[in-house]
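Reading through the structure tokens given below for one structure.
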Amino acid sequence: QFPFGRRLPCDIYWHGVSFHDNDIFSGQVNKFPGMTEMVRKITLSRAVRTMQDLFPLEYNFYPRSWILPEEFPLFVAEVRMMKDSDPSWKPTFIVKPDGGCQGDGIYLIKDPSDIRLTGSIQSRPAVVQEYICKPLLVDKLKFDIRLYVLLKSLEPLEIYIAKDGLSRFCTEPYQEPTLKNLHQVFMHLTNYSLNIHSGNFIHSDNVNTGSKRTFSSILCRLSSRGADVKKLWSDIISLVIKTIIALTPELKVYYQSDIPAGKPGPTCFQILGFDILLMKNLKPMLLEVNANPSMRIEHEQELSPGVFENVPSPVDEEVKVAVIRDTLRLVDPQKKKRKDINIRYNYFMCHRCQTLEHVSEANEELLDAGPADRREYGTTRSPEAGLPSLCLKQVFPKYAKQFNYLRLVDRVAALFIRFLGVKGTTKLGPTGFRTFVRNCKLSNSNFSMASVDILYIDITRRWNSMGIDHKESGMCLQAFVEAFFCLAQKKYKSLPLHEQVKSLIDFCEYHLAALDEKRLVCGRG
């Protein structure tokens, strides 16, 4: 541990909170720049909402959300309209402070008028969401799932999901929300940090019982009741991939700001904690994403009043040790070196063969050989030979073909980054926006450059008034995405939004590719 940093370079840096814990210039660091900001409740809600606008059916795993205080009038109006259209609708809402964690400041309401619009909501923005009233219950208790996800790389995108997770239980039997039980946090909130203070909390040495269990134990129970566990896992994988696709555009903006292309810098990876709730019909719903999930494998036990000791937690140990171990195995820089050595050795072996067919057979023989067989060829025993199989399952790019059509905002972000101009910035100036419009041939007699300036000023001013990052002036990515959607709707009026956006992206990329080719020819000349 180096609390004040370290001068000598390392292969892997394991930061406690964020990418900026220490200045690093090489190796790998276990945090992405901007991740902490991106998974805050407001930013996550905005990112998912953008995807819901484009693909409403694909992103229906996130509860309907409003951002406070700026969308409070919209929240009131929409709830009133929904109640008027369906008088039997009796909703409950959950209010979550933007920067809150461990259940801090969360409360339930039945009506928008119940929101505590005091000074705190102005100084501490929040997200209000439709509360999921019909969760799946086990032993009459509500629970959520903490799944660990490794984002191994941003470009190219590489995602792994742990094969097991934690199930964290409430400590009072669940009842649907009423005015009488709204304040019973041990019934409605699954946060471990809250429920551990309940007299009903059960620490168990068995992964199948107690107030914290393995997710695999819940799946076994569901499977014994005839539930389609394979479909449930498939839905969870889909939720994770789609959520990360929603986050990657802005993460790329942060990444190029802190680690500009062409300059020396570290590569990044990060373990994320996905909190997921299962509905009664087994549909998974995303609650939130944690950039710094707890990796503690022990809990405090009170021996006598005021005297505590740390006691091992078998459930935490079973899940978390495997996640950390296999993350290090996947990012191990020595692994690539060993792989390169084996490839060179395989190449040498194959050249002893007489035909291309023999080359292919020799390669297959070496790839299929187990550790003992490889030693016969002269390779050294792998340090991983004695370790369990990986608990982290790759889901992307493995399933990329199924999800690549969703990555439209990624392509919009690439356009945004191209026109940022100054390396290290995250906001687009008016000149950069005008250059984007001009180079992509988007201005015409119906949309003059004066109209371009008005669009830039209107959207940028509104986003800046929301209090989003005043360190830099200019247009942030979310504002650029809104402007891009606006341009797409102007140009392709009769199409659905996602087709409008895709058509405009194709149009822009075509003209920029032609411009690049022209510059290349001129350069050769």
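Taking the stated definitions as given, is residue 168 under 18 Å from residue 283 (Cα atoms) and loosely packed, with under 13 Cβ neighbours inside 10 Å? It is false that residue 168 is under 18 Å from residue 283 (Cα atoms) and loosely packed, with under 13 Cβ neighbours inside 10 Å. Among the candidates 455, 515, the residue that is surrounded by 12 or more Cβ atoms within 10 Å (Cβ to Cβ), of a type outside the set (Val, Ile, Thr) and touching a residue at least 40 places away in the same chain (Cβ under 8 Å) is uniquely 515. Residue count for the range 414-447 satisfying the condition of being open to solvent by 30 Å² or more (accessible area, probe 1.4 Å) and either assigned to a loop (DSSP other than H, G, I, E, B) or more than 18 Å from residue 249 (Cα to Cα) (or both): 15. On the stretch given as the range 306-330, residues that are open to solvent by 60 Å² or more (accessible area, probe 1.4 Å) and either part of a strand (DSSP E or B) or of a type in the set (D, E, K, R) (or both) total 8.
Output the helices (runs of 4 or more DSSP H) that fall wholly within the range 191-305 and possess 3 or more residues being closer than 19 Å to residue 395 by Cα and not hydrophobic (A, V, I, L, M, F, W, C), or say none.
Fully inside the range 191-305 and qualifying: 229-258.
Can you tell me which residue within the range 18-73, out of those that are among the aromatic types (Phe, Trp, Tyr) and more than 19 Å from the chain's Cα centre (by Cα), is least open to solvent (accessible area, probe 1.4 Å)? Walk me through it before giving the result.
Taking the range 18-73 and keeping what is among the aromatic types (Phe, Trp, Tyr), we get 19, 25, 32, 55, 59, 61-62, 66, 72.
Filter once more, so that each one left must be more than 19 Å from the chain's Cα centre (by Cα): 25, 66, 72.
On the way: 25: 148, 66: 5, 72: 43 Å².
Among them, the one singled out is 66.
Only residues that are open to solvent by less than 10 Å² (accessible area, probe 1.4 Å), over 18 Å from residue 152 (Cβ atoms) and out of contact with any helix residue (DSSP H, G or I) (no Cβ under 7 Å at 6 or more places or on another chain) were counted across the range 226-270, and they come to 3. Looking at the range 271-286, can you tell me whether even one residue there is of a type in the set (S, T, N, Q) and either in contact with a Gly (Cβ under 7 Å, 6 or more places away or on another chain) or open to solvent by less than 60 Å² (accessible area, probe 1.4 Å) (or both)? No, every residue in the range 271-286 fails to be of a type in the set (S, T, N, Q) and either in contact with a Gly (Cβ under 7 Å, 6 or more places away or on another chain) or open to solvent by less than 60 Å² (accessible area, probe 1.4 Å) (or both).
Residue 217 falls short on exactly one of the conditions (1) hydroxyl-bearing (Ser, Thr, Tyr); (2) surrounded by fewer than 19 Cβ atoms within 10 Å (Cβ to Cβ); (3) more than 27 Å from the chain's Cα centre (by Cα), and that condition is (3).
Of (1) within 30 Å of the chain's Cα centre (by Cα); (2) part of a helix (DSSP H, G or I); (3) at pLDDT below 95, residue 495 satisfies all except one. Which? So the condition that residue 495 fails would be (2). Within the range 1-25, the residues that satisfy the criterion of being touching an Asp or Glu at 6+ places or on another chain (Cβ under 9 Å), in contact (Cβ under 8 Å) with a residue 60 or more places away in the chain and over 24 Å from residue 99 (Cβ atoms) are 11, 12, 13.
The values are calculated or read from the model by the stated rules, or taken from the named source; none is laboratory data. Just so it is clear, the structure is predicted and the values come from calculations on it, not from any experiment. All Cβ positions, glycine included, derive from the backbone under ideal geometry; neighbour counts span all protein chains shown. Heads up: the accessible areas ignore ligands, DNA and RNA and are worked out on the full protein's heavy atoms, side chains in. Shrake-Rupley method; radii C 1.70, N 1.55, O 1.52, S 1.80 Å.
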